[in-house]
Ligand SMILES: Cc1ncc(C[n+]2csc(CCOP(=O)(O)OP(=O)(O)O)c2C)c(N)n1
Ligand SMILES: Cc1ncc(C[n+]2csc(CCOP(=O)(O)OP(=O)(O)O)c2C)c(N)n1
Ligand SMILES: [Mg+2]
Ligand SMILES: [Mg+2]
């Protein structure tokens, strides 16, 4: 406390350094031409550039497969990342192996980078189980559906790493809509004060379901929110993989070096419906969609690699083929995948055995036994009874 | 939506205009000398200046009386506003009669301006009833204990006024600690988008109970949070009644004119314990307290009025006497004030009569009757049985 | 005419807005999109963006501003997009919406109708199939109603909006497409009265919301076993029409309560507690509970094993009759 | 030695932190101030600001970061300063803390102990006297315990922190200054076992937390009326030791449940439902409930009329015996 607490005191932190630049960082123009920016070096080898492209191609193909699977009744619902491949793949690429990703429900691209089997994620959308991958194996937390809540988990995890003097960084993904919820606000407050090494990565895809950005916030940009927490706010063209990588890398390295958390707003566009249940024709126009399509991140990266002679027809064909194979593997894993043992519902509620749950498990076991008895001659577990909108 | 949504587009709102000035607005130096600022005119007559002083003197006296009453066991607890009189009185003075105040639990000064009987507020702290004034009569909402929650009520109320084309403004008071909660964040988000005529008035009294500001946020200043909602952020010396008035008046008039909400950070200092239950010696030093005392708002205003010959000894003595009388009236209203009819507990739960509550009311009536029968000879309702930390 | 539950609620909102221009509908995606279930379809077109509007994505913000709007004099009808997304608004619902009338000694009236699509059975992902009624019913100051038929969808919605008390309107989302041949505007008894949907002699089935239809199916199936079930639709969970439950049980001597919510401290617990208090000597068997289990809501492919269905109800009826 | 409940919990926290440096204590004012009830007094001095720290004022933030810290490998012991201020954290508690283990098929362990001072009787202002146990007990995945004695204050706190499951530790704040002559570290049966605090023949009094002492006083007073009450302290509300309750009621034939929380869907409802299910033929009277009313918590001067006390318990004992 100073001598005169209400006096015009010199501020400890310089707010100017926290504000985002007037223009989002963009290193690749839509035709793929590279414009260097000394503040945002792109520390990527040629091989890595190509590998980022490959991951984006795979992401898009698997994403399309998921939509197909949903249309065929194999998934209950699916949230596509079409158009957001650069924002996700290039940001996740900026992490080191020990770093952790805290996704929302739309981060297929980040999952591909972390080598999480997409089929495991799709089990959630199919409803086979609530999740199906080991977060510790891939340092990729469970998909999080309640908007913005995972920002606090990423912050707590980063607080733990800092306490433990473990040089790991967490990145948390949420959307433009998510910035309105209380949890990301509290997360950035905690992270700022406790200097947790966490990067808040907002994919501003212009919509929260049907609600466009200008009905979500009156802020000049989402990155301007950072100053309110003492965080640097970055803004990048999220359909530019190089800009996204460079900006994220800078934030990740700063966090790892102990300089604290950061907020990144990546400008992108959700090309698909919010989820397969959504009807976007109710709230956006064909023209808008066509305009957005011209900013496509994969075309841009392809142009760039072609300009630099890093991508030839054979490699491209190879990626397409690999993507098809990955899609097929996902399809094989998901298609008609049977549900598991209903009795497992009682196995993970708590670690401790509970007599009350054991008794209820026994009730269900008896119901199942009665059912089997009633269905003699049937083979295999039938469809779950009573499910579906049976009205 | 623009043609190229991820392109470096010109921002609609100029963030520079939203950021607080480097130094808080201060018009009176601690010795009372006035320094004009063209951006913040002080539209107050001499009589009003004196009246503001009077309200501050009354506030301080009644505040001390409340502390005394608590010490004498007449109140369960009390949250003093000592040192914050200018922040509260001068900001409330900037409102018009039709405007609404949404207080936290510490706004005695604002209540005095709105002519709410302080004794009515103290009934809450005594525990006679949960509130005891009519918010519509004084346009002063109920005291709000859950931190920051009232920011949403003020915002919704202002949304209503705007919908109704009613030129009223709401002001909501919360503390530095309150800025960390989700609700004020959501309130500023809503207010920004819906252009609700609400002024968010943060009394930064440096502490949230024992937690100092630098453990509450890493923001350069609390006023910097405004830009994240597209609101102008103001900062003033909250112990300077003229600066506080001028800044608040500007925000209130802008809101009334349809220019939208604003956030004001008033720098002040909580001279007393957090509440009478608190022991501040555990977390702050005598030196700090003494330094803060030198910024006292009432001394400053007195010096100013004396310099301008607006306050003579007789007027001052008159204010002291009036303040004593007000304090005595509060004491008379509170001291040994009996609790009301316990059966009233069932009267306001819902407007509709409910059979279940009627039955429970009857249970309590029977209990009370049995008690009276058991206490024959006693006169009047005895102390509530079973209350108190009876361990 | 043939009306679905969703259409009936939509019509009730439309009529309420037409009758009283203080009625406002808002929430996430309720405006231009017409709600993710289209329950608010057409309201923005008809009544304008001032009276039916999309909010930022923040549930505490939605309920908190609804309270402020109500204090101003409006009659807000905010929506929580799904049951599981009412939880961020918990503090505003429980500490303010439920209590402000009492806190102000009756001065503040909060005619707020909180619409919450709830319950399972639609094959949804997690957090979209919750049955949160216990949280609201245990909270003093809230009125909690849930329609089990399209008529009630209309009538309870109108009644809730007309009420000067805050009402939680739980809409059984898996029944949105349930049809009835009715005329709108529909009338119905006040929410305070439970309704016998099917009279019977042997066992009283106490149910509400999505389980009304399931209970009726069970009653149908029971007939083949020679059991006569009385199906009582509570309609209002708070207040609960204890009198009607007790009257029925006094005749049948037996009761099975059916709900999707987890068993422990689900509505079945309260029904059982009240029935044994009020009809102790009439009971020929304990009040039994056909409910969801005390586990988190399961993944979609397993929800059919978790949710109470005709078989589970009949099992418990049989157990009850065996006493 | 003479130990208060607050001291016993403080000692348990101290010992747990000394034994395992992954145990972290944090919340509002728990550090330098030592907590508004001084339950965390001395922890920051002894273990440093890294292991016992003050957070910004945001309860969802406290629980949400506790979850992240637990995923990392710590054993967080976050505090909610008062019962009524756990509500802003509701979503993190219910949608994540309670469910993440299940959601991850057992991969994620969340050894988080959420300390919540709860209940009334201390003459506090609104929101500081809530009994929120129903909200947590109805939520699958949470373990909910509450000590009624200083021994249990120590033992249940240690057990909660040692558990790899999330535990809600409800601390009956009006009993913080209750004394016992015990040695620390104290031992006690595991939380899964209810404990008979006083054996009796005529009526079983089921109680927990702040009401254990009140129930014992009632049993004392009942003796003068010639009634022998058995006082059963549940200790854990989820899971609940139904077996011990049923065993006692099978002997006495009668039960009265006592809690501060509002009656409707309070713990008494679940106890009643289970007892009549499991001991139907043993019951000689309905299970009765001595509870707070279904109104918001009253102002301090009226709380004595609202809270269950010896008289209310004895009234219900008398009613029970009259069957
Ligand atoms: C707490 C909460 N409220 C509401 C929802 C329903 N919901 C799912 S996605 C969504 C919009 C999210 O928008 P945004 O944050 O921009 O992310 P995007 O879907 O665009 O990736 C909403 C409202 C939810 N999942 N969680
Ligand atoms: C939601 C909530 N959490 C915690 C509390 C307990 N509490 C009461 S006042 C306070 C500190 C508030 O600090 P600040 O916002 O700076 O306001 P001040 O008391 O300094 O005026 C706390 C933590 C509360 N009342 N509400
Ligand atoms: Mg979005
Ligand atoms: Mg403060």
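The values are calculated or read from the model by the stated rules, or taken from the named source; none is laboratory data. Here the structure is a predicted model, which is why all the values come from computation and not from measurement. Here the Cβ is made from the backbone with ideal geometry for all residues, glycine too, and neighbour counts use every protein chain on show.
Observations, loosely collected:
- Residue in the stretch A:180-191 that is within 16 Å of ligand 4 (Cβ to nearest atom) and farther than 19 Å from residue D:91 by Cα present: no
- Qualifying residue in the stretch C:256-269 (condition: more than 10 Å from chain D (Cβ to nearest Cβ), surrounded by fewer than 24 Cβ atoms within 10 Å (Cβ to Cβ) and over 17 Å from residue D:294 (Cβ atoms)): no
- Qualifying residue in the stretch C:98-112 (condition: under 12 Å from the mean Cα position of the chain (by Cα) and buried (at least 24 other Cβ atoms within 10 Å of the Cβ)): no
- Against the numbered list (1) in a helix (DSSP H, G or I); (2) without any contact (Cβ under 8 Å) to a residue 24 or more places away in the chain, residue B:69 comes up short only at (2).
- Top-ranked residue of the stretch B:185-207 - restricted to ones that are more than 25 Å from residue C:27 (Cβ to Cβ) and either part of a loop (DSSP other than H, G, I, E, B) or within 16 Å of ligand 3 (Cβ to nearest atom) (or both), ranked as farthest from the other protein chains (Cβ to nearest Cβ): B:205
- 1 or more residues under 21 Å from residue C:124 (Cβ atoms) and at pLDDT 95 or above: qualifying strands (runs of 3 or more DSSP E) within the stretch C:6-106: C:23-27
- The set of residues in the stretch A:208-224 that are outside any loop (DSSP other than H, G, I, E, B), within 7 Å of chain B (Cβ to nearest Cβ) and surrounded by 24 or more Cβ atoms within 10 Å (Cβ to Cβ) contains only A:224.
- Pick from the stretch A:225-234, criterion under 25 Å from residue C:59 (Cβ atoms) and at the interface with chain B (Cβ under 7 Å from one of its Cβ atoms), ranking: nearest to the chain's Cα centre (by Cα): A:225
- Contacts under 7 angstrom Cβ, first residue in the stretch A:186-209 being at positive phi, partner more than 16 Å from ligand 4 (Cβ to nearest atom) and at pLDDT below 95, 6 or more apart: A:206/B:1; A:206/B:5
- Of the set (1) in a helix (DSSP H, G or I); (2) facing another protein chain (nearest Cβ under 9 Å); (3) out of contact with any strand residue (DSSP E or B) (no Cβ under 8 Å at 6 or more places or on another chain); (4) away from ligand 2 (no atom under 16 Å from the Cβ), all apply to residue A:245 but (2).
- The stretch B:279-304, subset surrounded by 16 or more Cβ atoms within 10 Å (Cβ to Cβ) and within 8 Å of another protein chain (Cβ to nearest Cβ), residue nearest to residue B:245 (Cα to Cα): B:295
Every residue, every condition in (1) more than 14 Å from chain B (Cβ to nearest Cβ); (2) within 14 Å of the chain's Cα centre (by Cα); (3) surrounded by fewer than 24 Cβ atoms within 10 Å (Cβ to Cβ), yes or no:
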| site | (1), (2), (3) |
| --- | --- |
| D:138 | yes, no, no |
| D:145 | yes, yes, no |
| D:173 | no, yes, no |
| D:180 | no, no, yes |
| D:199 | yes, no, yes |
| D:223 | yes, no, yes |
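So that you can scan it fast, the table gives a plain yes or no per residue for (1) within 14 Å of chain A (Cβ to nearest Cβ); (2) within 15 Å of ligand 2 (Cβ to nearest atom); (3) out of contact with any strand residue (DSSP E or B) (no Cβ under 7 Å at 6 or more places or on another chain):
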site: B:134; (1), (2), (3): no, no, yes
site: B:165; (1), (2), (3): no, no, yes
site: B:176; (1), (2), (3): yes, yes, no
site: B:183; (1), (2), (3): yes, yes, yes
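- Residue within the stretch C:240-253 that is buried (at least 24 other Cβ atoms within 10 Å of the Cβ) and more than 20 Å from residue C:219 (Cα to Cα) present: yes
- Looking only at residues in the stretch A:157-176 that are part of a loop (DSSP other than H, G, I, E, B) and under 29 Å from residue A:267 (Cα atoms), the one that is farthest from ligand 3 (Cβ to nearest atom) is A:167.
- Positions within the stretch C:33-59 being within 11 Å of chain B (Cβ to nearest Cβ) and under 21 Å from the mean Cα position of the chain (by Cα), in sequence order: C:59
- Looking only at residues of the stretch D:283-306 that are touching a strand residue (DSSP E or B) at 6+ places or on another chain (Cβ under 6 Å) and part of a loop (DSSP other than H, G, I, E, B), we find that the one that is nearest to the other protein chains (Cβ to nearest Cβ) is D:294.
- Test: residue B:299 is over 16 Å from residue B:91 (Cβ atoms), modelled with pLDDT of 95 or more, assigned by TED's automatic domain parsing to the domain that holds residue B:80 and more than 16 Å from ligand 3 (Cβ to nearest atom): yes
- Set side by side, the residues B:118, B:146 differ, and just one is within 21 Å of residue C:105 (Cα to Cα), more than 14 Å from chain C (Cβ to nearest Cβ) and in contact with a helix residue (DSSP H, G or I) (Cβ under 8 Å, 6 or more places away or on another chain), which is B:118.
- Options D:226, D:209: the member that is assigned by TED's automatic domain parsing to the domain that holds residue D:289 and in contact with a strand residue (DSSP E or B) (Cβ under 8 Å, 6 or more places away or on another chain): D:209
- Residues in the stretch A:106-117 that are out of contact with any strand residue (DSSP E or B) (no Cβ under 9 Å at 6 or more places or on another chain) and surrounded by fewer than 24 Cβ atoms within 10 Å (Cβ to Cβ): A:117 only.
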